[in-house]
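The values are calculated or read from the model by the stated rules, or taken from the named source; none is laboratory data. Model, not experiment: these values are computed from the prediction. Neighbour counts are summed over all protein chains in view; Cβ atoms, including those assigned to glycine, are modelled from backbone coordinates with ideal geometry. Accessible surface is based on the protein model in full, side chains and every heavy atom, while ligands, DNA and RNA are left aside. Shrake-Rupley method; radii C 1.70, N 1.55, O 1.52, S 1.80 Å.
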Amino acid sequence: MSTSVRYDQASLVYPGTTAPAVASLDLTIEPGELLVLVGPSGSGKSTALRMLAGLEDVTDGRVLIGDKDVTHLRPKDRDIAMVFQNYALYPHMSVAENMGFALKIAGTPKADIDARVREAAKILDLEPYLERKPKALSGGQRQRVAMGRAIVRQPQVFCMDEPLSNLDAKLRVSTRTQIASLQRRLDTTTIYVTHDQVEAMTMGDRVAVLKDGVLQQVGTPLGLYEKPVNAFVAGFIGSPAMNLGTFRVTDGHAQIGEGRVPLPRAMTGALKADTVQLGFRPEALLPAGKGDPGSFAVEALVVEELGADAFLYGNLIGDELRADHIVARIAPRSVPEKGATVWFTIAPGALHAFDTETGLALPTD
Amino acid sequence: MTTVEVSKPAPKPAPKQLQRRRSDRPLLASLALHATLLGATVIALFPVLWILLSSFKPADRIQSSEITLVDDPTLENYRAVLFDTPFPTWFLNSVIVAAFTMVIGIAMSATCGYALSRFNFAGKRGLMWVFLITQMFPVAILIVPIYTIMANLGLIDTKPSLVIAYLTVAVPFCAWMLRGYFDTIPKELDEAAALDGLGPFGTFWRVILPLARPGLAVTAFYTFLTAWGEVAYAIAFMQSRNKLTLGAGLQQFVPQFNPQWHLLTAGSVLILIPAAVVFFFAQKHLVAGLTAGGTKG
Ligand SMILES: Nc1ncnc2c1ncn2[C@@H]1O[C@H](COP(=O)(O)OP(=O)(O)OP(=O)(O)O)[C@@H](O)[C@H]1O
Ligand SMILES: [Mg+2]
């Protein structure tokens, strides 16, 4: 059945460059798991995927599929199907030929190919288009053909490189649920690359965050959301992003704007300087009254009403260390005016703290 | 009853035509342009037409410069060239040489162009420079060294000598051209093919070549023409009269004394036919947009 995939200290340095595009990647993907690889542009996500697919030569370390070391195998010997960001359908073949091409090369009997192509087409709603050429399809249909080409093969591993990035927002949402449920049904080990952290949160069994070719953290979506290991992951996961800022610490209290916020003892104990990088999510900001302990004032700049939620973007008043905006989730319908001053406190236990030098998370309890 | 005045939005002015339409051009400019084009066309076509018309004139009238073009047309010139001269043999020789040049030329330049487009190998840049530089030497300079090589190989007066010589002319250029064409085919298609189980040659054969049809058609036509009407190498390498190709053979009709213009004109017209046939088949493949729909983004 499904197999695991393992990167073992795998590195890749592109010819003509010095910095590795992927550095000593250690990552195991469990059998049947959907692992989402996220990171900003240029962080090495595609490179990691291409190392697994055999499209790039690994410079150092190993790549394993199941127990088999595939580091030096050719792509065709790895039994991997890939969905490319730009689909890469064969323009001169019909949809059915595109989907059945790998089987044809493998010498599968024609009747079997037909049956499997038709089955995949049924799953993906492509039956009316089987005889068409890719150029006569819409973007969403092409994307499904690319998926179909992958699933017809029943490979050991799926690699998907931002397969939804060419679709419009609505189609992207519906297709991502389709892909996730299809993957669960097929139970095929899958690595899914995206730079969209919402996709990562909604689709992945686990999420791996890359930055500059270095793996930052792997974990369940909620695990990353609640316990980011460093300030980068904290800021990357979640939408709107976590509020992050550097604040002065005196007497075990952080000075956030006008408010003095008590810090847990474990946190202050781990501090090496008199400043700390603090993070709190938009939903961790609770409305407060002026003068409440630990409350601080924010000047409202913009309020986004989304219907069920509203987000307030504002400036922290009385703060000299940070200039970024504060984002707070507030009750919709009766939102403050632009320019109004609003008071907030941070929900107990919702404070994240990071070392200002290393960015690593500090203990919170 | 009250009528409600519905205020219609004022019709938007039609977007200004950006492209210049024919009628915008002043009459005089239009006349001048067409006169120029007409003149150029006549200059280009006149020799061909003149030869075509002359080929139907009786042999004794061919040199008269009177403009009464065809008063008693005859096929006698064609009969003479086909049955009284070695023309059919030369024609066959040319077909064989051109066909081999075309087939081998396409095979070599397509594989070479693909390698240049997709793979990194030691000496790639050097190779491309060499291809360019060899194109800069005129035939007159190359003919002597190539003759020497052919002589050493014992190929003088054989068809392979010509095929090889023509390939040295056609392949570097065609490899460059095809490389440019292959570069326009997205690399992801190669990668998809590799994952689908094809090796490099399978990818080339089953995915890339079908998409490169227009480039291959141009290559076919170019290589064919390189060999078809060529004179200099043919005269230098071929010695027996019955081994000549057309370009060299036709020269035999017009020696310095007693040129036989009627044979030359009829032969020249016949020469056009295969080239036209090859062009006809090649141009059918000159279609745009073969790679459309394969990729996006
Ligand atoms: N062929 C190449 N040669 C040299 N450097 C490369 C090559 N391909 C990628 N890189 C570099 O490697 C790094 C990682 O690239 P990669 O394509 O893996 O990023 P990514 O995470 O997929 O980004 P994106 O989200 O923009 O697709 C980048 O800094 C990039 O510039
Ligand atoms: Mg990428």
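Of note:
- For segment B:85-293, a crude dipole built from +1 on the beta carbon of Lys and Arg and -1 on the beta carbon of Asp and Glu, taken about the Cα centre, is about 120 debye to the nearest 20.
- Residues whose amide H lies under 5 Å from that of residue A:256, counting only those 5 or more places away or on a different chain, are A:261; hydrogens are built 1.01 Å from N in the peptide plane.
- Dividing the Cα radius of gyration of chain B by 2.2 N^0.38 Å, with N the residue count, gives 1.43.
- Taken along the Cα-to-beta-carbon direction at a fixed 7 Å, the label points for residue A:283 and residue B:283 span 6.8 nm.
- ³J(HN,Hα), Karplus 6.51/-1.76/1.60, whole Hz, each residue of segment A:299-316, x for Gly, Pro: 8, 5, 9, 9, 10, 9, 8, 9, x, 6, 10, 9, 10, 9, 10, x, 9, 6
- Restricted to Cα atoms, the protein assembly as shown shows a radius of gyration and a Dmax of 37.1, 121 angstrom.
- Helix B:213-228 axis, angle to chain B major axis (alpha carbon atoms, nearest 10°): 20
- Accessible area of chain B belonging to carbon and sulfur atoms, whole % at 1.4 Å probe: 70
- Couplings for segment B:156-162, taken from phi via the Karplus curve 6.51 cos²θ - 1.76 cosθ + 1.60 with θ = phi - 60°, read 4, 6, 10, 5, x, 4, 5 Hz in order; Gly and Pro are left as x.
- Shown are B:72, A:161, A:365, whose ranking by accessible area with a 1.4 Å probe and every protein chain present, most to least, is A:365, B:72, A:161.
- Rounded, prolate or oblate (a/c below 1.5 giving rounded, otherwise prolate when a/b exceeds b/c) for chain A by Cα gyration tensor: prolate
- Annotation: the antiparallel percentage among DSSP beta bridges lying fully within the protein assembly as shown is about 75.
- Taken per residue, the accessible surface of chain B reaches 59 Å², heavy atoms only and a 1.4 Å probe.
- Relative packing of A:143-154, B:258-269, which averages over residues the other C-beta atoms within 10 Å, highest first: A:143-154, B:258-269
- Over segment B:85-293, Cα pairs under 8 Å with separation of 6+ residues give a relative contact order of 33 percent.
- Residues whose amide H comes within less than 5 Å of that of residue A:193, counting only those at least five positions distant or on another chain, are A:37, A:160, A:161, A:162 (H built at 1.01 Å from N in the peptide plane).
- Out-of-range pairs (alpha-carbon distance over 31 Å; input A:104/A:170; B:57/B:159; A:110/A:133; A:68/B:187; A:122/A:227): A:104/A:170; B:57/B:159; A:122/A:227
- Springs join every pair of Cα atoms under 10 Å in this Gaussian network model of chain B, and among B:60, B:183, B:24 the largest mean-square fluctuation is at B:24.
- Viscosity 0.890 mPa s, 25 °C: Kirkwood-radius Stokes-Einstein D of segment B:226-297 over Cα pairs, µm²/s: 161
- Evaluated at q = 0.17, 0.21, 0.22, 0.23 Å⁻¹: base-10 log I(q)/I(0), Debye formula over Cα of segment B:166-252: -0.76, -0.95, -1.00, -1.05
- Buried solvent-accessible surface, both chains (B, A), 1.4 Å probe, Å² to nearest 100: 2300
- In segment A:161-197, comparing the full protein assembly with the chain on its own, the residues that lose 10 Å² or more of accessible surface at a 1.4 Å probe are A:166.
- Using a cutoff of 8 angstrom between alpha carbon atoms and counting only pairs six or more residues apart, the relative contact order for chain A works out to 15 percent.
- Along chain B, longest interval not containing exposed GluC sites (Glu not before Pro), exposed being DSSP loop plus at most 12 other Cβ atoms within 10 Å: B:67-297
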